[in-house]
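Working notes for the structure below.
The values are calculated or read from the model by the stated rules, or taken from the named source; none is laboratory data. Owing to the predicted nature of the structure, the values given are computational and were not obtained by experimental measurement. Here the Cβ positions follow ideal geometry from the backbone for every residue, glycine too, while neighbour counts run over all protein chains shown.
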Amino acid sequence: MEPACLDDKPCTINSDGAPVLSRPIARQGATGEFELINKSLQYTEPDGTIDVKKLIAAYTFEEHALRADKYFETIVDPWAYHLRKPFTTVDECAVALAALSGLLPLLKLQRGHHIVDFGCGTGWLSAAMALMQCQVTGIDISQRALDIALSAVLEHPTLKEGRIDFRRLGESGIPLETSSVERIVCFDSFHHVADQHFYLQEFFRVLRPGGIVGFSEPGPGHSRSLASQYEMRNFAVIENDIVLEEISSMAKAVGFEKMNMSVFADTPMVMPVEEFLSLANEGRQQAYEDLGSWLFKRAKGRSVFALHKPGEESLDSRTASALGADVSIVGQSFDVATRRLAVTLLVHNTGTGAWLPSGANIGSMNIGVRISTENGSPIGREPIRFDLANVETKPGRSIRTDLLVDIPPGGNLVVEFDLVAEHVAWLSQIALRPPRISLPASR
């Protein structure tokens, strides 16, 4: 968080050049309005350090919420810093992208997944996941942060189409229905919550069976770092520790069945290429042990992990690996005069996932008809789309469908019948040999 005064009153600057807040948090008065007050004496130790547990106990949920809003209200130009995340600086970008690369394999994202970006702030990660063709709900305690995030989305040529919505986090919990989302992401946000056990319960509640919540957070000594002490002293921001043993115990009590870690270093080991080739070619055991020790030493400072809710995820045509099909032509006739081809297809779902109804959504299953010359040159830039079914098609089920295809005039032509899971894959690329019909040249 950038140093800034949280209200319109003058700030006192300390010896570090940072503002000292005279009234950093809020209290509701007799009129119903909130006023900023200081409770730092309740959580500042005699030696000047901040006890994060005492800080958490000192303030209510709404007091923390107003503090967050007051901070974001000081932002004059969101694009100067916040909306450029994670590309604000070279160092921040490297760390953030390394953490994201460690988190994504744990999440096992699929196109069209409904994801909660918990503690989304001004929404850079929400935007990134929406660009990956997921449906995203960004949730944050600060309405002002959400307003900034929404303004950026409405200016974006793609994201403004509606793949993201933003909701404020209230004291009663996550504002979503039970078993309503496939994934939750906490990217540098879970260490800011006051009650980790409560939010683990909430994550379990809103996840569908087989769902995953992924975390990219600091480590067990986070609250005692200089940066965390600065934030808590000057802004009363919760900078809690992430203790894996505690989270694992709480998660099991809540009902999560599995916890996986991503072990990596957020900065690479750099060496001359000659040294690398020498170590790689010689295969010295000590070199590998040294590399492993270095990796685990770096990994201990970052907690990237995932919790799994019990149950089987229902796969569908948004997942390429779940696709499989057999298509056969069971009837055909061609009117040479009108150049109209009548075809009856029998389509069988041989995959492990259900086919979503036809349409333009991610994973919608449609028939694609390609027309080409004898030598394979395509006619038209895109295959002609036809609806396959207006209901879900379970694995093992078959569909019989009739098509009328207008054939352009020309020489001898080939008509190919393919299937497409929209925005996912053509089945001829992965799991289908499309049937073909050869047609004579027009007279």
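With respect to being under 26 Å from the mean Cα position of the chain (by Cα) and not assigned by TED's automatic domain parsing to the domain that holds PRO268, THR352 fits the description. Of all residues in the range 102-151 being in contact with a Phe, Trp or Tyr (Cβ under 8 Å, 6 or more places away or on another chain) and among the small types (Gly, Ala, Ser), which is surrounded by the most Cβ atoms within 10 Å (Cβ to Cβ)? The extreme case among them is SER126. Would you say ALA94 is within 30 Å of VAL136 (Cα to Cα) and modelled with pLDDT of 90 or more? Yes; evaluated as a whole, the condition is true for this residue. Only one of the numbered conditions (1) without any contact (Cβ under 8 Å) to a residue 60 or more places away in the chain; (2) surrounded by 23 or more Cβ atoms within 10 Å (Cβ to Cβ); (3) assigned to a helix (DSSP H, G or I) is violated by GLN201, and that is (2). If we scan the range 68-81, do we find a residue that is among the basic types (Lys, Arg), closer than 24 Å to ASP195 by Cα and surrounded by 22 or more Cβ atoms within 10 Å (Cβ to Cβ)? Within the range 68-81, one or more residues are among the basic types (Lys, Arg), closer than 24 Å to ASP195 by Cα and surrounded by 22 or more Cβ atoms within 10 Å (Cβ to Cβ).
Looking only at residues of the range 269-289 that are surrounded by fewer than 10 Cβ atoms within 10 Å (Cβ to Cβ) and not small (Gly, Ala, Ser), we find that the one that is nearest to VAL213 (Cα to Cα) is VAL270. No other residue among ASP290, ASP326 is in contact with a His (Cβ under 7 Å, 6 or more places away or on another chain), charged (D, E, K, R) and farther than 17 Å from LEU109 by Cβ apart from ASP326. With respect to the stated conditions, LYS300 is under 38 Å from the mean Cα position of the chain (by Cα) and over 30 Å from ARG111 (Cα atoms). Here GLY112 meets the list (1) in a helix (DSSP H, G or I); (2) within 29 Å of TRP355 (Cα to Cα) almost entirely, failing just condition (1).
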